[in-house]
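The structure under discussion appears below in the form of C-alpha cells.
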Amino acid sequence: MGLRLKILSGFLILTMMLAVAGIWSIYELTTMGTSVQRLFDDNYKSINAGKTMIEALEREDSAVLLLLSGKWEQGRSIIESADEVFHKGFAIAQSNVTIPGEPAYVEEIDTRYKRYKDLWVKPIVDTSKQGNLDWYFQEAHQAFQDVKGSVEKLVALNDQTMYQTASDLKNRAHRAIMPGIVAILAALIFTVIFNFLINYYVVSPIISTTKGIQRFMETGELPPIQVETEDELFHLVSSIQRLVAEARTAEAQE
Amino acid sequence: MRPQIILRYAGLVLLFNALFLLISCIISAVKADSAFFPLLYTALISSLFGIFPLIFVPPTTKITNKEGFIIVVLSWILSCLVGVIPYIMWGGEFSFTNAWFESVSGFTTTGSSILTDIEALPLGLLFWRSATHWIGGIGIIIFVLAVLPSMGKPGMILYRAEMSSLAADNFRYRTQKTLQILVVIYVGLTLLETISLLLCGMSIFDAVTHSFATIATGGFSPKNLSVGYYKSAAVEVVIIVFMILSGIHFGILFAALTGKITDLWKSSIVRYYLAALTTGVIAVTLSLHGSQLHSWADALRSAAFQVLSIGTSTGFATTDSSIWPPFAQLVMIFFTLQCACAGSTSGGIKADRIVLFWKAIVKRIKKIQHPAAVIMVKMDTVAVEDDVVEVNILFISFYIGIVFLSGLILTALGVDILSAFSGSAATMGNVGPGFGMVGSMSNFSQIPALGKWVLTATMLLGRLEIFGLIIFFAAKSWR
C-alpha cells in the first residue's frame, strides 16, 4: 500500500470514530427531546386531568352533604359546576390514552362516575334521603370513593410511566454523552499510535536516507538504509542506491 | 523489542474481539434492544484499532519469546479495556469501576459479577458478557500451552514452575498446527455442549452462553439464579460433564479424543484431580444430608454441582452455598484455592502444583528418615528438578500471600472477614463466587470501589500466573 493511502487511512479512521460518535450523540439527543415532549404530552396531561377530576369529585361530595342538610340551592350550584369541571378533566384523560392499560382505567372511571352521578342527580332535598346519613355513607360516599379510587389508579399509572420515562431519559443522556467521551479517548490513543507509526515507517527512513546521502557526499560511501515497507520510500531508497551504484561505475570508467 | 510488531499482533486480537462484538450487535439489532449502538461503536473502534497496524506494519514470522509474551499479556489487558466500552456506554449498573470489574471478570474467566439484576441487561450485552469468557478461554489455552513454555529459559526461570512432567510436554504444542488442534477441541467442546443443552430444552441463546461460560470455566449465566433457574437435572449433568472436561489439560484431552483414552488415567495429575473432586463431593454430600437437605439425592445433586463448579473454577450455582454448614464451606474454599489442572482454562493454584507440593513434603519426610538417601521428586515417570520444586512452593506461598493481602485490604475497607477472604480467593483463582455477601447467589456490588479494583488486580494476577503480570510490569527483567 502506498504512503498516501496509509496516511489517508489514518485520518479516515480518526474521522470515522469521531463522526459516528457525533452522529449517534445527535440521534440520542434528538430522541431525548422527543421523549421529553412525550413525557409532557402523554403523562403530565393525564396526571393533571386526574387531579382536576379528584378535586371536582371532592367538591361534589361536599355538595352532596349540603343537599343532605337541605341546602338545595347552594348544593346544586356547587355540584353542577364540579360536574362540569370533572367532565373537562375526563375529556382530557379520554383523549390522552397513550399507555397500555390506560383505556381500561378511563372506562372504569366513566362507568363508576355515571353510577355516582345517578345517585345525586335525583332529588335529595325534601325526600327520604335528606338527613339520611346511612344513605350517604352506604351509597353516595361509597360511590364517590370508587370513582376517586379509579382516578387515583389512572394517576398512579401515569406517575409510574413518567418515572420510567424519566429514568429512560437519564439513560439516554448517559448514552448521548458516552460516545463523545469514548471517541475523544480513542482518538487520543489512536493519534499516539498513528504518530508512532508515521515516525517509524515514514519520518525515520527519510532521516536515515538524508543522513546516508550526506555521508555519501562527504565520504563517497553510502551506508545501508533500512526500509521495511514496500512503498514510495522503499522505491526512493532503491533509486538512490541505483544512482549511487551508477555514479560509482561512471567514476570508475572515467 | 519492536513495539510495531506488538501493535500488529495485539491488533489481531482486537479484530477477534470485534467479531464477537459484531455478533452481539446483530443479536441486539434483531431484538431491537438498547445495547445496539454501544456494541456497534465498540466493534467499530475495536476493528479500526485492529486494522490500522495491519495497514502500516508488514507481517513477520520472526517474533521473539519476549515479544510473544508481551503480545499475549497486552492483548489481555487491551481486551479487558475494549470489554469495558459497551458496558459503560450502555449505562445501567455500570459505572467505570463496575464495567472494568465485569470485563476483567469475563476475560479472565472468573465469573464474579457486580450485577444485581442480570436479566435486566439487553440480550446483545448478555451475549457479549458470555463471549468475553469464551475469548478469554482461548487466550488462556494459547498463553499456557504456547507462550508460557517458551519462557522456560534463563531470565524466565520462575516460569519453570509450569515445567512439570505434564506441562513439559507443552513444547510440542508450540507448532501452529497443534495450536489449531487445541482451538478445534475448544470449539468442538463448545458445540457439543451447546447441542447437549439444546437437547435438554434450553433456548439456543441460553445454550450458547452457558457453553461459552462452561468451556472457558467462567461462570457468567444470563440468569439471576444461574443454572439453578432451570431446575433441570439433565442440564446440571450436561454442565457437570463439560466442567470436568474443561478442567483437564487440553493436551491430554486431545490425546484422549484421538484414541489414547488411557492417557487420561496414566496421568497422575488427572487421577488426583478426579479423586479430589470425588472426595469433595462425598464430603459435602455427607455434610449437607440431614443438616440442610433431607434427601440423599438432593444432597448429592447440590454437592456435586457446587463442588465441581468451584473445583473446576467455573462458578455456576444451583443453590446458595453461603448457608451451608462450615465444614462444607471449608471444603469449597479448598477447591477455590486448588481448582483444576494446568493446561486447561481453569484458574487457581492448580492440581499439578498441589501434587508436586505434596510430593515435595513426602520427599522431605523421607529425607529426614534416611538422610543419606538420594530421593527424587517424580511426576509420573519424569524426575522434577529441585529448583522447579522450589519455585512451585514459592508460587503457592506467593499465591496464598496475595489472597491474604487482598483480603486484608478488603477488610480494611469494611468488608466482613468471610466475604473478604473468600472473595479474594475466588477472584485470585478465577472461580467467581465466594461466601458471605459474595456468595453463589449474591454478587460483588456491595464491595467498595477500591475493593473492586483490588479484586480485578487479583483476577489478572491469578490468570497470568502471578509472575506473568509481575514480569510484564517489571521493565528491568526485559533488559
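The values are calculated or read from the model by the stated rules, or taken from the named source; none is laboratory data. Values in this document were obtained by computation on a predicted structure and should not be read as measured data. Virtual Cβ from ideal backbone geometry, glycine too; neighbours counted across all protein chains shown. SASA here: full protein model, heavy atoms, side chains in, ligands and nucleic acids out. Shrake-Rupley method; radii C 1.70, N 1.55, O 1.52, S 1.80 Å.
One-quarter of the Cα convex hull surface for segment A:1-91, in nm²?
Dividing the Cα hull surface by four gives the mean projection, 7.7 nm².
Using only the Cα atoms of chain A, each taken as one equal point scatterer with no solvent, compute I(q) by the Debye sum, divide by I(0), and report log10 of the ratio at q = 0.11 Å⁻¹.
-0.78
Using the crude model of +1 on Lys and Arg Cβ and -1 on Asp and Glu Cβ, and no other charge, please compute the dipole size for segment A:132-254 relative to its Cα centre, in debye to 20.
240 debye
Ignore the peptide's own chain and count Cβ atoms of other chains within 10 Å of each Cβ in A:177-189; give me the average, rounded.
The per-residue average across the peptide is 3.
Solvent-accessible area of A:Leu185, probe 1.4 Å, all protein chains present, reported in Å² to the nearest ten, please.
That residue has around 100 Å² of solvent-accessible surface.
Which of the aspartates and glutamates could a cross-linker span from B:Lys366 if the Cα-Cα distance has to be under 19 Å and same-chain partners fewer than 8 positions apart are dropped?
Hits, sequence-local ones excluded: B:Asp380, B:Glu385, B:Asp386, B:Asp387, B:Glu390.
Starting from the eigenvalues of the Cα gyration tensor, five times each then square-rooted, give me the equivalent ellipsoid semi-axes of the protein assembly as shown, largest first, whole Å.
Ellipsoid semi-axes (Å, largest first): 64, 41, 19.
Can you tell me how much longer the chain between B:Ser295 and B:Ala372 gets when fully stretched, taken as 0.36 nm per residue apart minus their C-alpha distance, in nm with one decimal?
Length gained, B:Ser295 through B:Ala372: 22.2 nm.
What number comes out for the charge environment of B:Lys62, summing +1 per Lys or Arg and -1 per Asp or Glu over other residues with Cβ under 13 Å away?
Residues near B:Lys62 contribute +1 overall.
Lys/Arg Cβ at +1, Asp/Glu Cβ at -1, dipole of chain B taken about the Cα centre: which of B:Met202, B:Val238, B:Ala383 is farthest positive-ward?
B:Ala383
Step by step: find N for segment B:1-128, compute 2.2 N^0.38 Å, then divide the Cα radius of gyration by it. What's the final number?
Here the Cα radius of gyration is 1.12 times the empirical estimate.
Would you list B:Thr458, A:Thr249 from the most to the least accessible area, probe 1.4 Å?
Solvent-accessible surface, decreasing: A:Thr249, B:Thr458.
Nearest 500 deg cm²/dmol is fine: what mean residue ellipticity at 222 nm does chain B get from its DSSP H runs of n ≥ 4 alone, each adding -39,500 (n - 2.57), divided by its residue count?
Taking each H run of at least 4 residues, the total per residue is -21000 deg cm²/dmol.
Amide H neighbours of B:Val384 under 5 Å, counting only residues 5+ apart in sequence or on other chains, H built in-plane at 1.01 Å?
Amide H neighbours of B:Val384, under 5 Å, 5+ apart: B:Val377, B:Lys378, B:Met379.
What FRET efficiency comes out for A:Glu232 versus B:Ile195 if R0 is 60 angstrom and r is the Cβ-Cβ distance? Round to the nearest 0.05.
Efficiency, rounded to the nearest 0.05: 0.65.
I'd like the projected area of segment A:113-254, averaged over all directions, using the convex hull of its alpha carbons. Report it in nm² with one decimal.
Computing the convex hull of the Cα atoms and averaging its projections yields 16.8 nm².
If ligands, DNA and RNA are left out, what is the accessible area of A:His235 with a 1.4 Å probe, given in Å² to the nearest 10?
Counting only protein heavy atoms, the figure is 110 Å².
Within segment B:190-287, report the trypsin sites (Lys or Arg not before Pro) that DSSP leaves as loop and that have at most 14 other Cβ atoms within 10 Å.
Answer in residue order: B:Lys231, B:Lys260.
What pairs from A:Lys45/A:Lys71; B:Lys260/B:Lys359; B:Lys62/B:Lys260 go past 29 Å between their alpha carbons?
Distance filter (> 29 Å) returns A:Lys45/A:Lys71; B:Lys62/B:Lys260.
What is the dipole size for the protein assembly as shown, taken about its Cα centre, with +1 at each Lys and Arg Cβ and -1 at each Asp and Glu Cβ, in debye to the nearest 20?
With Lys and Arg at +1 and Asp and Glu at -1, about 2540 debye.
Across segment A:47-152, what fraction of all alpha-carbon pairs, as a whole percent, falls in each successive 5 Å bin from zero upward?
That works out to 2, 14, 24, 24, 16, 10, 6, 3, 1, 0, in percent per bin.
So what are chain B's ellipsoid semi-axes, whole angstrom, largest first, if each one is the square root of 5 times an eigenvalue of the alpha-carbon gyration tensor?
31, 29, 22
Would you report the distance distribution of C-alpha pairs in segment B:337-479 as whole percents per 5 angstrom bin, up to the bin with the largest distance?
Once binned at 5 Å, the Cα pair distances of segment B:337-479 give 2, 10, 16, 18, 15, 13, 11, 8, 5, 2, 1, 0.
Please compute the volume of the convex hull spanned by the alpha-carbon atoms of segment B:293-380 and report it per residue in Å³.
Enclosed volume per residue, from the Cα hull, is 132 Å³.
At 7 Å along Cα-to-Cβ for each site, give me the label-to-label distance between A:Ala245 and B:Ala29 in nm.
Each label point is offset 7 Å from its Cα along the Cβ direction, giving 5.2 nm.
Excluding residues on the same chain fewer than 8 positions from A:Lys211, give the lysines whose Cα lies under 25 Å from its Cα.
A:Lys6
Okay, helix-only estimate at 222 nm for chain A: each DSSP H run of n ≥ 4 adds -39500 (n - 2.57), divide by all residues, round to 500 deg cm²/dmol; what do you get?
-28500 deg cm²/dmol
Which value in Å does the Kirkwood hydrodynamic radius of segment B:183-231 take, with 1/r averaged over all unlike C-alpha pairs and then inverted?
Evaluated on segment B:183-231, it is 10.8 Å.
Sort out for me the Cα centre separation of segment A:1-63 from segment A:186-245, rounded to whole Å.
Taking the Cα centre of each part, segment A:1-63 and segment A:186-245 sit 52 Å apart.
If each of B:Asp380 and A:Leu5 carries a label point 7 Å out from its Cα toward its Cβ, how far apart are those two points in nm?
5.0 nm
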